[in-house]
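Q: For reference, the structure I am asking about is given below.
What follows is calculated from the coordinates using simple rules that are stated; it is not laboratory data. Note that this is a predicted model, so its numbers are computed, not measured. All Cβ positions, even for glycine, are placed from backbone atoms using ideal geometry, and neighbour counts span all protein chains on display.
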Amino acid sequence: MTSTPGDPAERVVAQSLATTLRDGRCPPDAAFDRFLPASLRALSSQHWTPLRVVKRASEWLDSLGVHRVVDVGAGAGKFCVAGALFSQCSFIGLEQRARRVVSARKLAGLFGVDEQVCFVHGALGHVPTPVADAYYFFNPFDDPSGDVDDRETDVSERRDQHEPAVAIAEALLRRAPGGTYVLTYNGFGGRIPASYRLVCIDLAFTGGLRLWRKEPHPRLLPFSRRAGVRR
């Protein structure tokens, strides 16, 4: 008989996997994705952060003493939950689709990271943005296709929302205090303000994983830089 997410047998498997991640080992993504609802699991290879990327990002964040990270467009909650297991950071996932928020909260509970991870329902710019030491972007404004949640918003409306959302993200980064970090995987469709300095980069991952830090006193960097590439 196949177990279902949340039943005792599944919890045992999840806790075993949690131990693996806490030990710094990186299992295949399928081992983690099995705990996602089927509709979200199907999107994982393209739209949810791979575990090896989460692990590298977590290593950077821990080494720099980052305490709180906001994942903009948290989706299924994979980055936040896996990041909490790989690192000492706390995570806040900001997600505009209610059903994904519900699923992400269940995922955090299943892996026992409720005290380290929370999810906020709302879109960037439409709810108060949580204050954090670092913000994570993995193309959050390019809407995944094929998800049941897509029926809540038609295609033309999603396109109309893309450019304003990118502008809101750029404004957030400009307002952030000096010392704020921005982590991008495959970019977010906008530009990193010139006041940020690239401090870490790993191009082994498709699109590149980059970590930027806002300078306390903007100087140098006369031109904005592209935050990775768009899908």
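Q: How many nm separate the modelled label positions at Ala98 and Arg11, each set 7 Å beyond the Cα in the direction of the Cβ?
A: It is 2.8 nm.
Q: Also, quick follow-up: Calculate, in nm to one decimal, what Ser45 and Lys106 gain on full extension: separation in residues at 0.36 nm each, minus their alpha carbon distance.
A: 19.9 nm
Q: Where does each of Glu163, Glu95, Glu170 land when they are ranked from fewest to most other beta-carbon atoms within 10 angstrom?
A: Glu163, Glu170, Glu95
Q: In the neighborhood of Tyr181, defined by Cβ-to-Cβ distances under 11 Å, what is the net charge if each Lys or Arg adds +1 and each Asp or Glu adds -1? Please report the intermediate quantities before stating the final value.
A: Numbers: positive: Arg68, Arg197, Arg210, Arg213, Lys214; negative: Asp133.
Computed value for this residue: +4.
Q: How about Lys78: which lysines have a C-alpha closer than 21 Å to its C-alpha, ignoring those fewer than 8 places off in the same chain?
A: Here the lysines satisfying the reach criterion relative to Lys78 are Lys55, Lys106.
Q: So what J values fall out for region 72-89 if you push phi through Karplus, 6.51 cos²θ - 1.76 cosθ + 1.60 with θ = phi - 60°, rounded to Hz, Gly and Pro as x?
A: 7, x, 6, x, 6, x, 4, 4, 5, 5, 5, x, 5, 7, 7, 9, 9, 6
Q: If you take every residue apart from Tyr135 with its C-beta less than 15 Å away from the C-beta of Tyr135, what net charge results, scoring Lys and Arg +1 and Asp and Glu -1?
A: Local charge sum for Tyr135: +3.
Q: Evaluate region 1-98: find the radius of gyration of its Cα atoms, find its Kirkwood radius, and give the ratio Rg to Rh. Mind dumping the intermediate values first?
A: Working: Rg = 13.5 Å, Rh = 14.0 Å.
Taking Rg over the Kirkwood Rh, I get 0.96.
Q: Pop the C-beta distance of Arg175 and Leu198 into the FRET formula with R0 = 25 Å and round what comes out to the nearest 0.05.
A: On the way: r = 20 Å, r/R0 = 0.80.
About 0.80, to the nearest 0.05.
Q: Among Asp23, Asp202, Asp114, what is the fewest-to-most ranking by other Cβ atoms within 10 Å? Each step should come with its number before you reach the end.
A: Details: Asp23 9, Asp202 16, Asp114 12.
Ascending Cβ contact count within 10 Å gives the list Asp23, Asp114, Asp202.
Q: While we're on this one: How much of the DSSP beta bridge set in region 8-226 is antiparallel, as a percent to the nearest 5? Spell out each step's value before the answer.
A: On the way: 13 of 32 bridges.
The antiparallel fraction comes to roughly 40 percent.
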